[in-house]
Amino acid sequence: MGLELGRVTDRKPPFKFASFTRVGFSDTDAQGIVYYGRYLPYFDAARVEYHRHLDMLRLDTGGEFVMRASNIEYLAPARFDDLLEVFIRVSRIGRTSANYELAAYRVEDDLLMVTATQTLVLVDLDERKPCPIPDVVRERIGAFESDDVEQ
C-alpha cells in the first residue's frame, strides 16, 4: 500500500478511520471562517483515504459511487490554518447504496466542528441506473468495520 493521508484510530468510537486536512485560505469567507458547505471537499478527501486504506480505489465495482444525499450539522466555525481530523465510517450497506457518517474535530482542542451523513449509490454509468454493490466491497468494509456496519 502507498502513502496514506489517513490512519486507523480508536480515538472516537465507533469511528475506526480518520484523515487530516488543514483549512486553506480559499476555504474561508470574508470573516475568515469555513461555512458548512466548504466541509464537503474535506469529507470527499476522507472518503478517498478510507477507500484507499481498504484498497478499494481501483476495484472494478461495475459502476461509480455517486452522492444521493448529504446532511451536514454545523457546530463551530473553523478558521484559516486550523488542522482538522475528519473521522469517517460506513454505518450501513444496502443493495445499491452505502451510508457514511463523518465528524470533523479541530486538532488543537479536540472541538467537534461538524457532523455529516451521506448516502452514496453505486451507479452503472452506461445504463444510468443503480447497480448492486459487489460482495468484495461488502467484505472489505465488513472486515474493517466488523459489527459496527449494518448489512
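The values are calculated or read from the model by the stated rules, or taken from the named source; none is laboratory data. Everything numeric in this text was worked out from a predicted model, so none of it was measured. We place every Cβ from the backbone using ideal geometry, glycine too, and count neighbours over all the protein chains shown. Heads up: the accessible areas ignore ligands, DNA and RNA and are worked out on the full protein's heavy atoms, side chains in. Shrake-Rupley method; radii C 1.70, N 1.55, O 1.52, S 1.80 Å.
A few remarks follow.
- Cut-off of 10 Å, at most 15 other beta carbons, DSSP loop: longest stretch of the chain lacking such GluC sites (Glu not before Pro): 5-107
- Helix 135-145 axis, angle to the chain major axis (alpha carbon atoms, nearest 10°): 40
- Probe 1.4 Å, accessible area per residue of region 1-83, Å²: 61
- Rounded to the nearest 500, the 222 nm mean residue ellipticity of the chain from helices alone is -5000 deg cm²/dmol, with -39,500 (n - 2.57) taken per DSSP H run of at least 4 residues.
- Neighbour net charge for Val107 - beta-carbon separation under 12 angstrom, K R +1, D E -1: -3
- Once you reduce region 75-142 and region 46-74 to the center of their Cα atoms, the two points are 7 Å from each other.
- Mean sequence separation of contacting Cα pairs (under 8 Å, at least six apart), scaled by the length of the chain, corresponds to a relative contact order of 25 percent.
- Percent accessible area from carbon and sulfur atoms, region 43-98, protein chains only, probe 1.4 Å: 44
- For region 1-92, the set of trypsin sites (Lys or Arg not before Pro) satisfying both a DSSP loop assignment and a count of at most 11 other C-beta atoms within 10 Å is given as Arg58.
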